[in-house]
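Notes follow the structure.
Rule-based calculations on the coordinates, nothing more; no lab input. Note that the structure is predicted; figures quoted are calculated from it, not measured.
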Amino acid sequence: MLLTPDEIDWLIARELPVTDERRAAWEALPPADPGEEGDREAVARRATADFDAVTWTGRPSDSDQEHAWPRAWPNGATILPAGEMDPPEGEEEWSVAALPRDVRRALAIHAGRCALRARGYDQTRQAQEMAAAGVTSRGGGGRSVSIDRAAAQNPWAAIDADAQRMTAKYRAAGTYLA
């Protein structure tokens, strides 16, 4: 995981208003019993897996690292243009160092979206499932929506829209840049 459930708790409380459905879904997940993996850990792993599936600019900082982040530019410099965030109060450091501020914030917000999915409330996921089943449009309630199957199956489509806005500058356009 790129963020622990405790780090996600802190970031979600800082980034999302109390009325946000993603925050409510995350907070509704029960914390794990000591020594066990609970729903929050599973959702944090899902959010990390979604971020790992996206093609990002640069290359992994370490050839042996498990996840897509942290990343480095082709010259080897770590990608931290927005700077690092201070860790949550009471913590000396983050669980994974050298993540850009916007990536941390976006990953926490996306974890909230993953919590919504886990509770069955995510409309984006429903559209992706419909696209995978071959549905090209749907209508009702005075509104219709076209579904682009290729776009819906792109890993970027699985990322929360707010998280996309925060991290779009790090996304590789078209090809993998190494």
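Values for this structure:
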{"item": "Percentage relative contact order, the range 50-117, counting C-alpha pairs under 8 Å, at least six apart", "result": "22"}
{"item": "Under 5 Å, built H, 5+ apart or other chain: amide partners of R71", "result": "S61, I79"}
{"item": "For W56, residues with placed amide H under 5 Å, excluding near neighbours", "result": "A172"}
{"item": "Cα shape, the range 15-64, gyration tensor, a/c 1.5 rule", "result": "oblate"}
{"item": "Relative contact order of the range 13-72, pairs being alpha-carbon contacts under 8 Å that are 6 or more residues apart, as %", "result": "17"}
